[in-house]
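In what follows, a single structure is set out as structure tokens and then discussed.
What follows is calculated from the coordinates using simple rules that are stated; it is not laboratory data. This one's a predicted model, so the numbers in the text were calculated from it and none came from an experiment. Quick reminder, even Gly has a Cβ in these numbers, built from the backbone with ideal geometry, and neighbours come from all protein chains shown.
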There are 2 protein chains.
Amino acid sequence: MRPTVHDVAGEAGVSLATVDRVLNRRSGVRAETVARVNAAIMKLGYVRDISAANLAKQRVYNLLFIVPEGSNSFMLGLEKELGQAKLHALLDRTHLDIRKVKTFDADALATALENIDVAQVSGVALVATESQRVRQALTRLREAGIPVVTLVSDVSDPYRDHYVGIDNIAAGRTAASLIGRFSGRRFGKVALVAGSMLVKDHAERRAAFEQAIGEEFPGLECLPVLEGRDDAAVTRALLAELLDRERDIVGLYSIGAGNRGVIDVLTSKAEYREITVVAHELTEHSKQALRDGVFDAVINQDAGHEVRSAIRLLKARIDDTPVIANQEAIRIEIYVRDNLP
Amino acid sequence: MRPTVHDVAGEAGVSLATVDRVLNRRSGVRAETVARVNAAIMKLGYVRDISAANLAKQRVYNLLFIVPEGSNSFMLGLEKELGQAKLHALLDRTHLDIRKVKTFDADALATALENIDVAQVSGVALVATESQRVRQALTRLREAGIPVVTLVSDVSDPYRDHYVGIDNIAAGRTAASLIGRFSGRRFGKVALVAGSMLVKDHAERRAAFEQAIGEEFPGLECLPVLEGRDDAAVTRALLAELLDRERDIVGLYSIGAGNRGVIDVLTSKAEYREITVVAHELTEHSKQALRDGVFDAVINQDAGHEVRSAIRLLKARIDDTPVIANQEAIRIEIYVRDNLP
DNA sequence: CTGAAAGCGCTTACAG
DNA sequence: CTGAAAGCGCTTACAG
């Protein structure tokens, strides 16, 4: 049998209350007593039972998730996962509060962060848009001892405890590698379609992609990026015009969430089927495009994994328990038609 | 506040013991009383707190993992993950017992299964080698109410509760797709290197690979498979001889765990660098081969994820709690140099 | 600075 | 067929 607080108390010759004080590093215990208790803990190999502790404490975790208002399929998928996680979390005394703010609006995000009642919330996860006000709001939270993780989109390091998402530089390089190899040493141009260059993830992916193409596939030339604002109509118009104008496009990298517009254009003319296409985010649309051979590969981050990871990381910070680093690493997943989940 | 057994007891006008009996579907309660309690549960929206229940029950989970004796890097990786999971599991009253049996030896596996004391073990995970004796041993366990999951390598459906591993048919098709696309519509032959065609995973990957190549890349022709027995020296000798003999090999699919021998041969002559190579399982060797450009892609299953998933699935069966299907799906991961974790 | 007692939400003998 | 009481491993007022 694993030792309990009773065993430790007996071994150290003190009461349960004192063991508890030492265990929780509460003040008001003589140094000598602390030493005796710690010696007993070491001797018995005592390890605290956290679920019993949480039961006694009636601990509930109030986790706040701040996400952009349902715009594109990926964010909708993230919301769906949050909804599912919410039900499951309840079984673990964990309440998920999901708040939506205007997309890409740093001030709206900052306001949401500033309005957090630090007495009510035990941890915060946010899809970040960085700004000075956001950084200040995050600083207030962290000074109040509230753990903060960023989800999918990051802020600079000292303003959060952890980033839950993929390395967008590596993702851009991966896309370059796939397009370069799939297009089979051909010469030609590569079209880039993004949401907006003001979004950090998109900008990072694009820069890394262009650099990798330049370094490794000298036969390919990147065209100026189209900014479709994650809007199907805008994307469609811009891309149709580009494909019509440029005659030797062999590859296309869809950086953001404009997949629907991209698919529309690519399926509009038979000759476009020769273009090697790599896109981001696995959705019903992109899956279908893979099956139809319109897309050649999709780079994905698993929204369900990200949500669960954010919850685990926040709770681990709150309880001061260890995490399994490997389990929390978000993979840059590559899907082709054949390994679809 | 979430309702507790006390609230249910009060609402139904019965004692805690009776609520507990209904909750746990124990017999010896009048149908009318059962109905009253269930009505109260519905009315209050009561949901049992499982960690409190486990505390009261002093429930410990004794999970037995049966794995092949440390042979190849993948299995060594699996063991490492099991070791790490073992430490973490202890915090959750879960004991992992890891037992090794002779590799690919169905009788050794069956003996291990037959020796299980069903009173001591609460769940079993095994890397399966199928045989009649193994199926019988599994039937005994399941009839004793012990949940069984297969890990990495499966048995037929009715003999286990769940399979934790990748779809090897899809994995073989994925390999074909990658080699076909990476080799750029060239014509030529593809070498296949496996451990043994007696191993079901290898046989499935190979068959699916050959079929997909035949269907989709008519310019490529699969050579007879080399069986390297997952041994570096054997693999090296066979492959060196093959590459020396056949002059127009453009692709190589390393199906099993013989990566070290494959890498040795491929790096032995400059001309071999042109060969498009897809291998299985991410290890230090295969990662280095990707970085060096010796391998073009590696197909992987995440051993850590598999171990954690097996634990979650077994505990969910034991406690009769739901699982998140998505979280338990093992992905066919594709790695190129740029998305290495 | 320290301890005795009650309680967290469940389950388990035991008694009736 | 049903209930009162004690206990699982912790924590928390309260008293001293």
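Relative to the other identical copies, B:Gly83 shows label-point distances of 4.5 nm, where the label point lies 7 Å from Cα along the Cβ direction and values run shortest first.
Note: relative contact order over region B:105-171, using C-alpha pairs below 8 Å and six or more positions apart, is 30 percent.
Local charge sum around A:Ile299 (other residues, Cβ-Cβ under 15 Å, Lys/Arg +1, Asp/Glu -1)? Net charge around A:Ile299: -1. In region B:55-184, the alpha-carbon atoms span a convex hull of 131 Å³ per residue. Taking label points 7 Å from Cα along the Cα-to-Cβ direction, A:Val323 and A:Thr111 give a separation of 3.0 nm. Membrane-span-like helices in chain A, defined purely by DSSP H runs whose alpha carbon atoms cover 15 Å or more axially and whose average Kyte-Doolittle hydropathy reaches 0.0, are A:31-44, A:73-90, A:168-182, A:232-245. Indicate the gyration tensor shape class of the protein assembly as shown (rounded, prolate or oblate), computed on the Cα atoms with a ≥ b ≥ c the square roots of the eigenvalues: a/c under 1.5 is rounded; otherwise a/b larger than b/c is prolate and the rest oblate. Taking the square roots of the gyration eigenvalues as a ≥ b ≥ c, the protein assembly as shown is oblate. In a DSSP loop and with at most 12 other Cβ atoms within 10 Å, there are no chymotrypsin sites (Phe, Trp or Tyr not before Pro) in region B:259-341. For chain B, relative contact order (Cα pairs under 8 Å, six or more residues apart, normalised by length) works out to 14 percent. Please return the longest stretch of chain A lacking exposed loop sites, where trypsin sites (Lys or Arg not before Pro) count only if DSSP places them in a loop and at most 12 other Cβ atoms lie within 10 Å. With a cap of 12 other Cβ atoms within 10 Å, the longest stretch comes to A:31-184. Remark: region A:204-341 carries a charge dipole of roughly 420 debye about the Cα centre, counting +1 on each Lys and Arg Cβ and -1 on each Asp and Glu Cβ. Rounded to the nearest 20, the size of the Cβ-charge dipole of region B:225-277 about its Cα centre is 100 debye, with Lys and Arg at +1 and Asp and Glu at -1.
Provide the FRET efficiency to the nearest 0.05 for the A:Phe187-B:Ala240 pair, computing r from the beta carbons and using R0 = 41 Å. After rounding, the FRET efficiency stands at 0.70. Within region B:5-48, the proportion of C-alpha pairs whose separation exceeds 17 Å stands at 14%. Distant-in-sequence amide contacts of B:Phe65, defined by a placed amide H-H separation under 5 Å and a gap of 5 or more residues or a different chain, comprise B:Asp97, B:Ile98, B:Arg99, B:Ala125. Extension gain, B:Arg25 to B:Tyr272: 0.36 nm times the residue separation minus the Cα-Cα distance gives 82.3 nm. Eigen-decomposition of the gyration tensor built on the alpha-carbon atoms of chain A gives equivalent ellipsoid semi-axes of 50, 20, 17 angstrom, largest listed first.
Other residues lying with their Cβ under 9 Å from the Cβ of A:His162 contribute a combined charge of 0, Lys and Arg counting +1, Asp and Glu -1. Between the C-alpha center of region A:207-226 and that of region B:200-218 there is a gap of 34 Å.
Inter-part distance, region A:131-161 to region A:296-341, computed on C-alpha centroids, equals 20 Å. Each residue of region A:144-157 is assigned a 3J(HN,Hα), and the resulting list reads 7, x, 8, x, 10, 10, 9, 10, 6, 10, 9, 10, 5, 3 Hz, derived from the Karplus form 6.51 cos²θ - 1.76 cosθ + 1.60 (θ = phi - 60°), x at Gly and Pro.
Note on region A:10-125: Rg/Rh from C-alpha atoms, Kirkwood Rh, equals 1.19. Distances, shortest first, from the label point of A:Arg273 to those at the same position in the other copies read 3.7 nm; the point lies 7 Å along Cα to C-beta. The label-point distance for B:Ala53 and A:Ser196, in a model that sets each label 7 Å from Cα toward Cβ, rounds to 4.9 nm. Label-to-label distances across copies for A:Ser27, with labels 7 Å out along Cα→Cβ, in nm, shortest first? Label-point distances to the other copies, shortest first: 6.2 nm.
Remark: C-alpha extents of region A:168-300 on the principal axes read 33, 31, 27 Å, sorted largest to smallest. DSSP assigns beta bridges within chain A; of those with both partners inside it, close to 10 percent run antiparallel.
Each principal axis of the Cα cloud of region B:222-341 was taken in turn, and the coordinate range along them, longest first, works out to 58, 30, 24 Å.
Relative to one another, the C-alpha centroids of region A:1-38 and region A:66-111 are positioned 42 Å apart. Spacing of the modelled spin labels on B:Val118 and B:Lys102, each 7 Å from Cα toward Cβ, amounts to 2.7 nm.
Per residue, the average separation of C-alpha pairs within less than 8 Å and at least 6 apart gives region B:215-332 a relative contact order of 18 percent. Excluding same-chain neighbours fewer than eight residues apart, the lysines reachable from B:Lys100 by a Cα-Cα span under 21 Å are B:Lys80, B:Lys86, B:Lys200.
Of all lysines in the structure, those lying under 24 Å Cα to Cα from A:Lys269, and not within fewer than 8 positions of it along the same chain, are A:Lys189, A:Lys287. Farthest towards the positive end of the charge dipole of chain B, among the residues B:Ser153, B:Val262, B:Ala297, is the Cα of B:Ser153, using unit charges on the Cβ of Lys, Arg, Asp and Glu.
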